[in-house]
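Peer 1: Can you read through this structure? Questions will come right after.
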Amino acid sequence: MSMIEFHDVQKYYGHFHALHDINLEIDEGETVVLIGPSGSGKSTLVRTVNGLETIQKGQLIVNGHDLSDPKTNLNILRSDVGMVFQHFNLYKNKDVLENIMLAPRIVSHIPEEENKKRAMELLEMVGLEKWAHNMPSQISGGQKQRVAIARTLAMRPKLILYDEPTSALDPEMIDDVLQVIKKVTNESGMTSLIVTHEMGFAKEVANRVIFMDQGQIVEDENSASFFEQPKTVRAQQFLSKIISH
Amino acid sequence: MIDIFTKFSGQLFVGLGWTILSSVIALFFSLIIGTVFAIMEVVPSKIARFIGRAYVEILRNIPLLVITMFFYLVIPKYVMKINGFTAGTIGLTLYTSAFIAETIRSGIQSVSGGQMEGARSTGMTYWQAMRYIILPQAFKIVIPPLGNQFVNLVKNSSVLAFVAGFDLMYQANSIASTTFDQINSYLVVGVLYLIITLPLSYYMQYLEKKLA
């Protein structure tokens, strides 16, 4: 069954055509990596999937909800679709544990004890159980991103969107975060859509790679053949530029 | 100064009492009304934003004295009888609420958009995100300018003197005209205002430090 379906989707910012004729189907359980030069529309595309960006034309169906229909309840959709941001977006006024427990409490009405137990398990999984009562300002960027992943998992999403999860991190923090993402994608069987510039990671984690340029999907391949031999010149150029240094 | 104080202490304490009462009432309601209009200024609905904007711009751009006179003279004539204290306190509340709305709005807007996106992406409604994430951060940011507004409010309560509100300023006028000792009458009252405003200032600074 498909988790995400784009049918002829168009997105404009004023006159700028940000997403151009997007047609894409992602099945349940797939791990799809989105790559491409900056400004190619990767982030815009993932942000349309949970309705943070609206589309102007076409049809977009996510987990059975039609996002092109203005009557669709985005809150219900979003409680099944997690998102991990480039800049973490942890709640600055809540400690690490509360960051994880807040949405399950007020959105899903999980009983307090169960919620706390689950939150602590997730913190353990990302290796941060000792930091439960620290404020976000007291932990490093890599730790913040691991908390953000735990916060997303606490809602037991069916789909997780990662919007450049390591782009704002110091080099030595990147690996910890990538390890956690790998663990989550491998163990959970959740559908994942990942925007990243980390090619080694993309190769390892993805079943499928989508290469975007200028708001269009240029290639949509399984991971092995894409990294072996991209079909388009544009993708070949992009890969050689990224891998050469 | 001491003379005036001892001789008119009863009258001065009555004034102090009315000033404090008016300030407390106005502070409480202007904070609530100000918060409501601040939120109206930032919500997605265009109509709500227009109403919020209009409220703030009208009330903060009319002199406090004019607003107060409106409630003291116009409302009793056409709507219902209210005394000077009530008219003055209503005027003070509405006038201050416009400034508080502006202050809180700027606080809400200085919380980064990522906080709202982070909250919404977990399935929280706009109002849940406002209540649990945005407003607590906004209030913390605006404590210093809010402290300014509170101190201004206490000082502005002297507008009650113009509408027979029996506050400190009203008593100062009355003592000055009985004794002809203008200097000392107003000096005493100035000191009594400080007794309210200085602790208020220090309390706001304390809050700022404690929550920082």
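The values are calculated or read from the model by the stated rules, or taken from the named source; none is laboratory data. All values reported here derive from a predicted model rather than from experimental measurement. Backbone-built Cβ (ideal geometry, glycine too); neighbour counts: all protein chains shown. Surface areas here come from the heavy atoms of the whole protein model, side chains and all, with no ligands, DNA or RNA. Shrake-Rupley method; radii C 1.70, N 1.55, O 1.52, S 1.80 Å.
Peer 1: Please go through region A:35-54 and give me each residue that is of a type in the set (Ser, Thr, Tyr) and either open to solvent by less than 30 Å² (accessible area, probe 1.4 Å) or more than 14 Å from chain B (Cβ to nearest Cβ) (or both), ordered by number.
Peer 2: Across region A:35-54, the qualifying residues are A:SER38, A:SER40, A:THR44, A:THR48.
Peer 1: A further question on this structure: Would you confirm whether or not region B:50-70 contains a residue that is within 14 Å of chain A (Cβ to nearest Cβ) and of a type in the set (A, V, I, L, M)?
Peer 2: Scanning region B:50-70, I find no residue that is within 14 Å of chain A (Cβ to nearest Cβ) and of a type in the set (A, V, I, L, M), so the answer is no.
Peer 1: Right, A:PRO104: farther than 27 Å from A:SER167 by Cα and open to solvent by 10 Å² or more (accessible area, probe 1.4 Å) or not?
Peer 2: No.
Peer 1: Suppose the filter is among the polar types (S, T, N, Q), open to solvent by 10 Å² or more (accessible area, probe 1.4 Å), away from chain B (no Cβ under 12 Å) and over 29 Å from B:THR125 (Cβ atoms); does A:ASN134 pass it?
Peer 2: It is false that A:ASN134 is among the polar types (S, T, N, Q), open to solvent by 10 Å² or more (accessible area, probe 1.4 Å), away from chain B (no Cβ under 12 Å) and over 29 Å from B:THR125 (Cβ atoms).
Peer 1: Before we move on, is B:PHE13 surrounded by 16 or more Cβ atoms within 10 Å (Cβ to Cβ) and in a helix (DSSP H, G or I)?
Peer 2: Criteria not met by B:PHE13.
Peer 1: On to the next question. Against the definition (more than 14 Å from chain A (Cβ to nearest Cβ) and surrounded by fewer than 19 Cβ atoms within 10 Å (Cβ to Cβ)), how does B:ALA101 come out, yes or no?
Peer 2: no
Peer 1: Condition check: of a type in the set (Lys, Arg), over 16 Å from A:ASP8 (Cα atoms) and away from chain B (no Cβ under 13 Å). Does A:LYS57 satisfy that?
Peer 2: In short, no.
Peer 1: For region B:16-56, which positions are hydrophobic (A, V, I, L, M, F, W, C) and open to solvent by less than 30 Å² (accessible area, probe 1.4 Å)?
Peer 2: Answer for region B:16-56, where residues must be hydrophobic (A, V, I, L, M, F, W, C) and open to solvent by less than 30 Å² (accessible area, probe 1.4 Å): B:LEU16, B:ALA26, B:ALA38, B:ILE39, B:VAL43, B:ALA48, B:VAL56.
Peer 1: Between a residue in region B:114-140 that is at the interface with chain A (Cβ under 7 Å from one of its Cβ atoms) and open to solvent by less than 30 Å² (accessible area, probe 1.4 Å) and any residue that is among the basic types (Lys, Arg) and part of a helix (DSSP H, G or I), which pairs come within a Cβ distance under 6 Å, given they are 6 or more apart or on different chains?
Peer 2: B:SER121/A:ARG78; B:GLY123/A:ARG78
Peer 1: Contact list please: Cβ distance under 6 Å, first residue in region B:3-18 and farther than 14 Å from B:PHE180 by Cα, second residue open to solvent by 70 Å² or more (accessible area, probe 1.4 Å), pairs at least six apart or on different chains.
Peer 2: That search, which allows pairs on different chains as well, returns B:TRP18/B:PHE166.
Peer 1: Quick check on my filter: what residues within region A:61-96 are away from chain B (no Cβ under 12 Å) and open to solvent by less than 10 Å² (accessible area, probe 1.4 Å)?
Peer 2: Across region A:61-96, the qualifying residues are A:VAL62, A:VAL96.
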